[in-house]
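J.: Can you keep this structure in mind? I'll have questions shortly.
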Amino acid sequence: MESSKKLTGLLIIDIQKDYFEGGRMPLVEPLAASEIAGELLRLFRLRNMPVFHVHHVSTRSNASFFLPGTDGIIPDPLVAPAEGEEVIIKHHPNSFLDTELNKKLTEHNVKNLIIVGMMTHMCIDSTTRAASDLGFNCNVIYDGCTTRDLAVADHTISSNNVHDAFMAALDGTFAKVMKFSEFLMNIDELM
């Protein structure tokens, strides 16, 4: 591989047990998003391309999920890291804040990112915006991410509306947002 070649890396964010049924913060249809992420992981492994797993471990005193030493921080088996794949532990929604993610991406000569994970309105949003600010070309896989219902001003916003609003806000300025089927149609260009 030429050292000047800019690679595409897969960034899998927070697909951990607390977001699944029985966890401390279950999301809407986390398995569907994890399955898409798992397919991307398989494709990246087949092509021997760099993969970066980001796992959240909460250090806030009032945290209610992703608590240290609990099963909730364990990654879903569909996206469990393999030997040699980078694992970044974070304590904030932004995967770059107080971590070595930027350093690791640079070491692997990654310039383009395919981003999947949880939660759309929190860690996907903040990480994608930060990655864009740092000069990465970002592609967010719409159906490889999920979130939950939110409440504000005495009304509830459905997870579908939360997801769509955040994806729409990212698309164009901070990332190209696409469904997994579109990724597959453009796989050679994107990888």
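The values are calculated or read from the model by the stated rules, or taken from the named source; none is laboratory data. These numbers were taken from a predicted model, which means no experiment stands behind them. Positions of Cβ are generated from backbone atoms using ideal geometry, with glycine treated the same way; all protein chains shown enter the neighbour counts.
J.: Only one residue in 101, 113 is farther than 20 Å from residue 38 by Cβ and at pLDDT 95 or above, so which one is that?
T.: 101
J.: Would you check which residues across segment 102-119 are buried (at least 17 other Cβ atoms within 10 Å of the Cβ), of a type in the set (Val, Ile, Thr) and over 14 Å from residue 174 (Cα atoms) and list them?
T.: 110, 116
J.: Another question, if that's okay. Is it true that residue 63 is among the aliphatic types (A, V, I, L, M) and over 18 Å from residue 122 (Cβ atoms)?
T.: On the way: among the aliphatic types (A, V, I, L, M): yes; over 18 Å from residue 122 (Cβ atoms): no.
In short, no.
J.: If you don't mind, there's one more thing I want to ask. Please specify each residue of segment 21-44 satisfying the condition of being of a type outside the set (Asp, Glu), more than 15 Å from the chain's Cα centre (by Cα) and assigned to a loop (DSSP other than H, G, I, E, B).
T.: Within segment 21-44, 22, 23, 24, 25, 26, 28 meet the criteria.
J.: How many of the residues in segment 168-191 are at pLDDT below 95 and surrounded by 16 or more Cβ atoms within 10 Å (Cβ to Cβ)?
T.: 2
J.: Given (1) farther than 18 Å from residue 183 by Cα; (2) at pLDDT 95 or above, where does residue 8 come up short, assuming only one miss?
T.: Only one criterion is unmet by residue 8, namely (1).
J.: Next up: Would you check if residue 165 is surrounded by 20 or more Cβ atoms within 10 Å (Cβ to Cβ) and modelled with pLDDT of 95 or more? Even if it seems obvious, please write down each step before you answer.
T.: On the way: surrounded by 20 or more Cβ atoms within 10 Å (Cβ to Cβ): no; modelled with pLDDT of 95 or more: yes.
The answer is no for residue 165.
J.: Could you tell me whether segment 51-72 includes any residue that is of a type outside the set (S, T, N, Q) and assigned to a helix (DSSP H, G or I)?
T.: Just the residues of segment 51-72 that are of a type outside the set (S, T, N, Q), to begin with: 51-57, 60, 63, 65-69, 71-72.
Within this subset, residues satisfying the condition of being assigned to a helix (DSSP H, G or I) are 71-72.
Yes, the conditions are met somewhere in segment 51-72.
J.: Then there's this: Select from segment 32-58 the residues that are over 20 Å from residue 111 (Cα atoms) and surrounded by 14 or more Cβ atoms within 10 Å (Cβ to Cβ) and list them in ascending order.
T.: 33, 34, 35, 36, 38, 39, 55, 56, 57, 58
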